[in-house]
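The values are calculated or read from the model by the stated rules, or taken from the named source; none is laboratory data. Everything quoted here is computed from the prediction, not taken from an experiment. A quick note on method: Cβ atoms are made from the backbone with ideal geometry, for glycine too, and the neighbour counts reach across all protein chains shown.
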Amino acid sequence: MKTKYIFVTGGVTSSLGKGILSSSLGVLLKSRGYKITIQKLDPYLNIDSGTLNPYEHGECFVTSDGYETDLDLGHYERFLDQITTHENNVTSGLIYKTVIDNEREGKYLGKTVQVIPHITNEIKRRIKILEKINNYHIIIVEIGGTVGDIEILPYIETVRQLKWELGYTNSIVIHLTLLPYILATGELKTKPTQHSVRNLMENGVQADFLVCRTEKHISNKIINKLSLFCNISPHNVIESINTKIIYDLPNLLHIQNFDKKVLKKLNLISLKKPNLNAWTNFIQQYKNPKYQITIAIVGKYVSLHDSYKSIKESLVHAGTFQKIFVNIKWINSCIIKTKNIIEIFNGISGILIAPGFGNRGIKGKILASEYARRNKIPFLGICLGMQVAMIEFARNVLKIPQADSCEINPYTKDPIIILIKNQKNIKNKGGTMRLGNLKCILKKNSKIFSIYGQEKIIERHRHRYEFNNDYLKSFATYGMQASGINPDTSLVEVIELEHHVFFIGVQFHPEYKSTVINPHPIFISFVKESKDYINKKLNTN
Ligand code: GLN
């Protein structure tokens with residue numbers, strides 16, 4: 001079968017959820033028997049998301065092949081329960097770099113190098129690479145940014161060309177837009193949508209479907225109006241009403257026959273009867289929990305929750321799986337002080353210290369880690385969170401007051417956390433950390449072994465510093481065990497504290513592997529222990 005393409009564009013404003021829409025449609029088409037993948041085209045000039053401040057663009061997601069990508073790839077993996085690779089994320093930076101490198105190599109044989117055709121051809125090449133890798137039946141291509149942005153123009157032009165070249169039954173355009181609700185008149189407004197569809201048309205692209213984000217149900221009158229002004233059949237105007245939880249969207253689209261209509265437009269039939277039971281069950285469990293807990297996420301980017309997107313979603317997956325509703329208390333580590341710590345963590349079921357970089361907020365993280373250790377509160381430290389727990393333990397239990405990470409104090413006398421050897425000569429920041437899938441061997445008889453139920457695991461990474469093995473013995477003597485080790489380099493991957501229900505630090509990022517259908521075992525265990533801890537505490541009080 002010839003690969004078919006679905007282009008997803010966004011209109012009116014950013015943050016409408018193109019990633020969630022693409023993922024939800026992916027789920028529906030996959031459940032109808034098609035081999036699907038989703039690609040994100042990002043119009044910014046960074047080569048990848050690795051160097052972006054989380055406040056600018058949310059979390060940096062890491063693929064198993066070690067590429068630092070846009071957070072939308074996390075949605076694709078969590079919804080589709082399948083991995084993506086670096087080919088699934090393309091940025092303008094990458095496109096321009098390739099074209100400019102080609103030019104320097106003399107590959108264009110004296111031609112003037114231009115946006116059209118050289119940039120657009122390179123975009124096309126990157127889109128088509130995926131076809132060759134895995135013979136996908138359908139590739140959903142999500143175009144970042146909003147129609148009308150200057151940066152997006154080469155992508156829209158590429159869509160125009162591809163629609164023409166591939167033929168109109170082999171590619172379609174879905175335009176996600178917003179219908180603002182005006183409280184004063186009690187109306188949903190279509191004008192911004194009309195303008196953004198017209199903007200697409202000015203660039204030669206006719207949308208085939210409109211998906212309308214809205215806070216109120218849309219009436220037939222609105223549908224007909226949109227249809228008339230946007231040249232789109234009323235059947236292909238789809239509602240995407242605000243939901244409490246993003247995982248509701250596949251079902252909401254399905255009941256409007258969106259997947260069927262998309263297949264029809266692509267001249268395809270359903271290969272099998274879709275089975276969305278797993279999704280329906282998930283939503284049922286999510287909406288009818290038996291227990292409620294509150295997990296504190298401690299980090300320095302907490303005012304933008306997207307900075308910790310994968311962690312937040314992993315807690316939702318693991319909680320829902322066990323009918324536990326996980327509330328999250330976001331705690332800015334910069335505000336944690338000895339005098340307010342009891343108040344901050346009052347009523348908390350578990351403490352999670354998030355990954356991060358640099359000095360800011362470290363003191364608060366160390367205090368939080370100490371608080372969890374002393375009060376026997378379930379604790380999960382991820383990457384920097386694990387490193388912080390080691391520093392705290394060294395200072396307060398091993399009585400090494402100068403213990404520190406070289407990232408924070410390069411001149412410390414007691415470097416508990418040191419730069420990984422092969423990082424020493426690296427000058428560039430982009431794409432140079434220890435990244436992606438790496439092996440870890442778990443010690444039998446450890447808590448972490450019982451969590452995974454196996455000895456060999458593979459998890460994703462993103463860091464430059466590691467635990468200094470010179471201190472391993474002293475830590476073990478005082479009950480902090482390295483229970484997971486990389487077999488090739490002896491790098492400490494997991495630490496755990498004896499005589500504590502759940503005090504675990506991981507150098508890797510389990511959050512990148514949790515999906516709706518397959519919650520991650522570490523999060524399952526952490527959430528369960530947090531629930532048991534708080535129940536016990538409430539019962540004894
Ligand atoms: N900054 C730490 C390091 O580079 C931790 C990184 C992280 O938390 N992702 O090792």
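I'd like to check something: does the stretch 374-381 contain any residue that is within 12 Å of the ligand (Cβ to nearest atom) and at pLDDT 95 or above? Scanning the stretch 374-381 turns up at least one residue that is within 12 Å of the ligand (Cβ to nearest atom) and at pLDDT 95 or above.
Looking only at residues of the stretch 8-35 that are within 13 Å of His175 (Cα to Cα) and hydroxyl-bearing (Ser, Thr, Tyr), we find that the one that is surrounded by the fewest Cβ atoms within 10 Å (Cβ to Cβ) is Ser14. Among the residues of the stretch 53-62, the ones that are surrounded by 18 or more Cβ atoms within 10 Å (Cβ to Cβ) and more than 11 Å from the chain's Cα centre (by Cα) come to 2 in all. Taken over the stretch 337-354, the criterion of being crowded, with 22+ Cβ neighbours inside 10 Å and closer than 21 Å to Leu304 by Cβ is satisfied by Ile351, Leu352, Ile353, Ala354. Of all the listed residues (Thr120, Thr91), the sole one being polar (S, T, N, Q), buried (at least 19 other Cβ atoms within 10 Å of the Cβ) and touching a strand residue (DSSP E or B) at 6+ places or on another chain (Cβ under 9 Å) is Thr91.
Against the definition (in a loop (DSSP other than H, G, I, E, B) and of a type in the set (Asp, Glu)), how does Asp65 come out, yes or no? Judged against the criteria, Asp65 is a match. For the stretch 491-503, the count of residues that are of a type in the set (Phe, Trp, Tyr) and surrounded by fewer than 23 Cβ atoms within 10 Å (Cβ to Cβ) is zero. The condition (being within 16 Å of the ligand (Cβ to nearest atom) and either closer than 30 Å to Lys424 by Cα or outside any helix (DSSP H, G or I) (or both)) is satisfied by just one residue among Lys363, Lys337, Lys309: Lys363. For first residues located in the stretch 344-368 and in contact (Cβ under 8 Å) with a residue 60 or more places away in the chain, partners that are within 12 Å of the ligand (Cβ to nearest atom) and in a loop (DSSP other than H, G, I, E, B) and lie 6+ apart or on another chain with Cβ distances below 9 Å form the pairs Pro355/Cys383; Pro355/His509; Arg360/Lys300; Gly361/Lys300; Gly364/Lys300; Lys365/Lys300; Lys365/Ala354; Lys365/Gly356.
Does the stretch 427-442 contain at least one residue that is surrounded by fewer than 17 Cβ atoms within 10 Å (Cβ to Cβ), free of Cβ contacts under 8 Å to residues at least 24 places away in the same chain, more than 16 Å from the ligand (Cβ to nearest atom) and not in a strand (DSSP E or B)? The answer is no; no qualifying residue exists. Total residues in the stretch 1-52 satisfying the condition of being assigned to a loop (DSSP other than H, G, I, E, B) and in contact (Cβ under 8 Å) with a residue 40 or more places away in the chain: the figure is 19. The sole residue among Leu252, Leu266 that is surrounded by 14 or more Cβ atoms within 10 Å (Cβ to Cβ) and under 23 Å from Ile517 (Cβ atoms) is Leu252. Looking at the stretch 242-254, can you tell me whether even one residue there is assigned to a helix (DSSP H, G or I) and among the charged types (D, E, K, R)? The answer is yes; a qualifying residue exists.
Scan the stretch 382-396 for residues that are away from the ligand (no atom under 16 Å from the Cβ) and either of a type in the set (Ser, Thr, Tyr) or surrounded by 18 or more Cβ atoms within 10 Å (Cβ to Cβ) (or both) and the total you get is 3.
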